[in-house]
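Working notes, structure below.
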Amino acid sequence: MAANQEQFHLLLNTLLSTDNTIRSGAEDTYNNLPVGSKVTYLLAALHNATMSEEAKQMAAVLLRRVFSSEFLEFYPKLPPDDQKVLKEQVLLAVQQEQSESIRKKVCDMAAEVARNLIDDDGNNQWPEFLNFLFQCSNSPLPQMKESALRMFTSVPGVFGNQQANYLDIIKQMIQKALVDTTSYEVRFQAVRAVSAFILLHEKEIPIQKHFHDVLPGFMQVVLESVEKQDDDALLKCLIDLSETTPKFLRMQLDAILELCMKIVSNEDMPDSWRHLALEVIVTMSETAPAMLRKVGAKYIPLLVPIILKMMTDIEDEPDWSISDEIVDEDNDSNTVVAESALDRLACGLGGKTIMPLIEQNIPSMLANTDWKYRHAALMALSAVGEGCHKQMETSLPQIMNGVLNFLGDPHPRVRYASCNAIGQMSTDFAPVFEKKFHDRVVPGLLMVLDDNDNPRVQAHAGAALVNFSEDCPKNILTTYLDAIMGKLESILTAKFKELVEKGTKLVLEQVVTTIASVADTSEEQFVAYYDRLMPCLKYIISNANTEDLKMLRGKAIECVSLIGLAVGAEKFMRDASEVMDMLLKTQTEGGDLPDDDPQTSYLISAWARICKILGKQFEQYLPLVMGPVMKAASMKPEVALLDNDDMQGVEGDLDWQFVSLGEQQNFGIKTSGLEDKASACEMLVCYARELKDGFADYAETVVKLMVPMLKFYFHDGVRTAAAESLPYLLDCGKIKGPEYLQGMWNYIYPELLKAIDTEPENEVLAEHMYSLAKLSNTLVVLSSTAEDGEIECIETLGNGCLTEAAMAELLKILNKLMLEHFNKAVARQEKRKDEDYDEVVEEQLANEDDEDVYILSKIADIIHSLFLSYKSDFFPYFDQIVNHFVKCLSPEMPWSDHQWALCIFDDVIEYGGPNCVKYQQHFLGPLLSYLSDEKAEVRQAAVYGWGALAQFGGESFAEAVPRLVKIITDPESRTIENINPTENAISAITKILKYNSSRLNVQELLPHWLSWLPVWEDMDEAPHVYGYLCDLIEANHPLVLGNNHENLPKLIAIIAEAFARDAINVDHTEAKRMISLIRQVQGNENMFQACIGQLSVEQQQALHEVLSGTN
């Protein structure tokens, strides 16, 4: 044993070797040791006084890692006596270690053992550790007090389910330590202990309140640490608390802000400390903006000028503007940190707070003779656009007067910043910005595009033009098309020559992208430039084959595909085959592209665009393109679980994102490649949507890829694309027959339900729910269009497409979502009672409410699809959740609840038919009372229900007619806000007249009904109205046709106006009846000419088109 221990000591020293080969061999030897041997040897090393400090530190770190990852592999197997010895040895190591650096590692190791000895029920199976903690905290030795606090910090939940009994003792221990006069390290660790304990109880407000009175001492030690400037950990504790439990800090917020302002404003302080202090305030602006606006109101006007001053801390690099390689700014530089802080501050606190401070400070900066101030001012305007959107929008003319002037600034970096501001505002304020300022922005950017002496500025003008073009209305952009393209083509030619002669490519890459964006917006108008551009772009794709030209080639591929999509199949078709061959050549000749090749994402997106252009003709390329697309979509991100020691080497790596899992562990994911994965998934959606049964051979493979990615929580776009693909893939699979379709459905459905149940993001949840509703609708459509030989498909995937278990699970999820909907509404009401509540909070609550209402609308979509599929057979299941929607109809509930609950009961009526009477006590009263609701959306849902009752409900409901008439005849009934409920009311009365008029005086009502026509806004309801009109005309109804057909001109005018306004699709059955009636009148030339003569030019044109079949 002694010999083995000696060998292990040598191994430990070898693990510290700086020689990679030697160290790697030692790591292999160590990793192959049994877990029990590792623990024995490492503990012995810790107790060996002859070991070097480095070796003992290594032993402590390795032992903690063993306890962290392999504790359950060996500890439960140890005999009780051995377990006891191990625990004693661990505590003894803490107690006996004299070296401060080793003792810290040993404390972390001991805490790891304690964490593992708390079972799932919160029982602490190591009471001796708790006793040891208290002994250490009461020790006269500062190092023991510090050790107790360090261990408690590492495992603040160590008291388990007995914590409530120890709260006062924990608090006393910490308070005593915060004012310990013997050791700064004890006070320092006490602050860390407070932070760890409060973060552990982030949702337990009573515990936080219990610890409020430790904050003054806490802040005193933080202040002390700032004065010492030897360890910034306590400022990081403030950031953590600001992020997770900002309200806990409220009582000391003034002191916190004063301290942070003192640090940020002190230019003699190290930048890293200034950045941390700024981060405390900015984080609080995001997590508790109302509190900061109220309590910290006096500090924000002082902070903004400091941030703006930090943004001027930028080096004057002589070669900056002529550099062909763009190197991103250092993320730790004052400029980048300050600009990001300003952006976040504006988004957090809102424009009402920040915009006045911008208006107060920016003009003097723009007038400053030092270019750095002008640059900072323009970059600041770019940064605050999102957060100050509403306030900036009203001042845009004045702001743009300033920004545009700096396109001609003598300093290139100021011109660059001006382009940057224009590009950012083009996006932030689209399309208002483009409509208001196109006459100055386009000429201004074209001027800067002539700046050949400063290619980086020139390229940025091109980038700004991309932003402008993307959101510019087509009719505006096309007025500048010749000027824009004249400039871009001349630059393309010149920069292509420069590439050949000098190898510079920055501007060339940007111009290719800009041309693509202009083409995308201009669409068919771009055809005039096609023949001149395509040869050059194809040449780049064919010949830009070297490593340094891959990005240029990728952008050219993007440009060609966007131009093809813009000009359409007829023009692009002659080049399509050659272009596809060139793109596929990349794969076939060079083999698989490396994972980080920039061409991959461009290729995948281009293939999808060309698929849209070629349609069915693209199927021939699927065997060649699906490999790369599936590879990109299947990419598995690299993940890592790192402890705090390992984190020190990777925290600054921009390719990784880390989330602290608390205490010692951090989860990391390599984010590079995730966007390409999401893009590839979106392209698979495109193939399935565009090619339909032509994609059937790939449907199964793609479904097996997409379904698991419904839970790909690393990227929202991947989950969204996965959900969106499923209905299209099911549709693709119909050609394979009912058994195949059933198998696909059985595979999709359970996983989609699980994804809906666990999805954390509302936006993605809505997509999942929409997909579920669409899937069900797809099945109904497939069933209803099946041939006789496919009757099994109808039986399998129609009414009974859900098993009882699946239906039960779906109802459970819908029930949960509805309970969450009500609970969130209550929570918002509670927030309105908060001491920091203000009008900006109300805006945020309104946004939250909109999100919840959107989810409610998706619940309604799912229930609609179930009624569509099951009809009244869904009633027994609906009974399990109906009370939620009855509650939504209560007068005290918000109008959006009324709207969507009415829509659901509309479906009950429409698809339940006469059987809907069982719910009559729930819906009949609200349907009547909400006809008078002030919200148009609610009235529309109510009036639709009365039409459905007439058509499907089985008995007359004439009591609604007077109220429906009142809606229609209201003086404001045809305004934009009211036209939908008005036309639905007309349709409802139409259905009552047609299907259920026994209790009405039809003769009295018909002339009024005729006077309400035409209708044109609601294309779903228009066929009902015009179908009934055709019924009456075909029946020669005297009240409609009038004496001697005197009403014919009016009737022809109604029909002509319907076609002129595209109220009904000309292929619709009722439209064909309308056209047939016009042809009958056309048979009487004199009568027809008399009717036509009274029509407007637009009405005459519309009739001409439908009669000649050109519509």
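The values are calculated or read from the model by the stated rules, or taken from the named source; none is laboratory data. These numbers come from a predicted model, not from an experiment. Cβ atoms come from the backbone with ideal geometry, glycine included; neighbour counts cover every protein chain shown. For accessibility, only protein heavy atoms count, side chains too; no ligands or nucleic acids. Shrake-Rupley method; radii C 1.70, N 1.55, O 1.52, S 1.80 Å.
Would you check if Gly627 is part of a helix (DSSP H, G or I) and exposed (fewer than 13 other Cβ atoms within 10 Å of the Cβ)? Break it down into steps so the answer makes sense when it comes.
Details: part of a helix (DSSP H, G or I): yes; exposed (fewer than 13 other Cβ atoms within 10 Å of the Cβ): yes.
Yes.
Each row is one residue, and each column tells you yes or no for (1) of a type outside the set (D, E, K, R); (2) open to solvent by 60 Å² or more (accessible area, probe 1.4 Å); (3) within 30 Å of Ala193 (Cβ to Cβ).
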{"site": "Lys677", "(1), (2), (3)": "no, no, no"}
{"site": "Lys692", "(1), (2), (3)": "no, yes, no"}
{"site": "Met709", "(1), (2), (3)": "yes, no, no"}
{"site": "Gly717", "(1), (2), (3)": "yes, no, no"}
{"site": "Leu726", "(1), (2), (3)": "yes, no, no"}
{"site": "Leu730", "(1), (2), (3)": "yes, no, no"}
{"site": "Leu753", "(1), (2), (3)": "yes, no, no"}
{"site": "Ile756", "(1), (2), (3)": "yes, no, no"}
{"site": "Val764", "(1), (2), (3)": "yes, no, no"}
Filter the stretch 488-517 for residues that are crowded, with 19+ Cβ neighbours inside 10 Å and among the basic types (Lys, Arg); which is farthest from the chain's Cα centre (by Cα)? Lys495
Can you tell me which residue in the stretch 518-553 is most open to solvent (accessible area, probe 1.4 Å), limited to those that are part of a helix (DSSP H, G or I) and hydroxyl-bearing (Ser, Thr, Tyr)? Tyr539
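So that you can scan it fast, the table gives a plain yes or no per residue for (1) modelled with pLDDT of 95 or more; (2) surrounded by 11 or more Cβ atoms within 10 Å (Cβ to Cβ); (3) among the charged types (D, E, K, R); (4) touching a Lys or Arg at 6+ places or on another chain (Cβ under 8 Å):
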{"residue": "Leu819", "(1), (2), (3), (4)": "yes, yes, no, no"}
{"residue": "Gln829", "(1), (2), (3), (4)": "no, no, no, no"}
{"residue": "Asp834", "(1), (2), (3), (4)": "no, yes, yes, no"}
{"residue": "Tyr837", "(1), (2), (3), (4)": "no, yes, no, yes"}
{"residue": "Glu842", "(1), (2), (3), (4)": "no, yes, yes, yes"}
{"residue": "Asn847", "(1), (2), (3), (4)": "no, no, no, no"}
{"residue": "Glu851", "(1), (2), (3), (4)": "no, yes, yes, no"}
Restricting attention to the stretch 714-760, which residues are within 17 Å of Ser634 (Cβ to Cβ) and assigned to a loop (DSSP other than H, G, I, E, B)? Phe714, His715
Starting from the stretch 12-40, take each residue that is without any contact (Cβ under 8 Å) to a residue 60 or more places away in the chain and list its partners that are surrounded by fewer than 16 Cβ atoms within 10 Å (Cβ to Cβ) and of a type in the set (Gly, Ala, Ser), counting only C-beta distances under 8 angstrom and pairs at least six apart or across chains. Asn13/Ser52; Thr14/Gly25; Arg23/Ser17; Ala26/Ser17
Surrounded by 19 or more Cβ atoms within 10 Å (Cβ to Cβ), of a type outside the set (Phe, Trp, Tyr) and over 33 Å from the mean Cα position of the chain (by Cα) - does that describe any residue in the stretch 375-397? no
Which count do you get for residues in the stretch 925-952 that are free of Cβ contacts under 8 Å to residues at least 40 places away in the same chain, in a helix (DSSP H, G or I) and surrounded by fewer than 19 Cβ atoms within 10 Å (Cβ to Cβ)? 4
Of all residues in the stretch 8-36 being of a type in the set (Gly, Ala, Ser) and more than 15 Å from Gln89 (Cβ to Cβ), the one that is most open to solvent (accessible area, probe 1.4 Å): Ser24
Filter result (surrounded by fewer than 21 Cβ atoms within 10 Å (Cβ to Cβ) and either among the charged types (D, E, K, R) or closer than 24 Å to Glu934 by Cα (or both)) within the stretch 890-920: Ser890, Pro891, Glu892, Met893, Pro894, Trp895, Ser896, Lys918, Gln920
Taking the options Ala383, Ala346, Ala377, name whichever one is over 16 Å from Ile300 (Cβ atoms), at pLDDT 95 or above and not β-branched (Val, Ile, Thr). Ala377
Residue selected from the stretch 168-188 under the condition of a type in the set (A, V, I, L, M) and assigned to a helix (DSSP H, G or I), by the criterion most open to solvent (accessible area, probe 1.4 Å): Ile169
Within the stretch 735-745, take every residue that is open to solvent by 80 Å² or more (accessible area, probe 1.4 Å) and out of contact with any Lys or Arg (no Cβ under 9 Å at 6 or more places or on another chain) and give me the one that is modelled with the lowest pLDDT. Glu739
Looking at (1) under 30 Å from the mean Cα position of the chain (by Cα); (2) touching a residue at least 60 places away in the same chain (Cβ under 8 Å), which is the only condition Ser272 fails? (1)
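Wholly within the stretch 995-1111, which helices (runs of 4 or more DSSP H) include no fewer than the required count, namely at least 1 residues that are in contact with a His (Cβ under 7 Å, 6 or more places away or on another chain) and open to solvent by less than 20 Å² (accessible area, probe 1.4 Å)?
Filter on the stretch 995-1111 gives 1022-1034.
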Quick test of your reading of the structure: Asn124 fulfils all but one of (1) of a type in the set (S, T, N, Q); (2) touching a Gly at 6+ places or on another chain (Cβ under 6 Å); (3) touching a residue at least 60 places away in the same chain (Cβ under 8 Å). Name the failing condition by number. (3)
Return only the number of the condition from (1) open to solvent by 40 Å² or more (accessible area, probe 1.4 Å); (2) under 16 Å from Val442 (Cβ atoms) that Ser469 does not satisfy. (1)
Options Ile557, Ile613; residue that is out of contact with any Lys or Arg (no Cβ under 8 Å at 6 or more places or on another chain), closer than 25 Å to Arg456 by Cα and assigned to a helix (DSSP H, G or I): Ile557
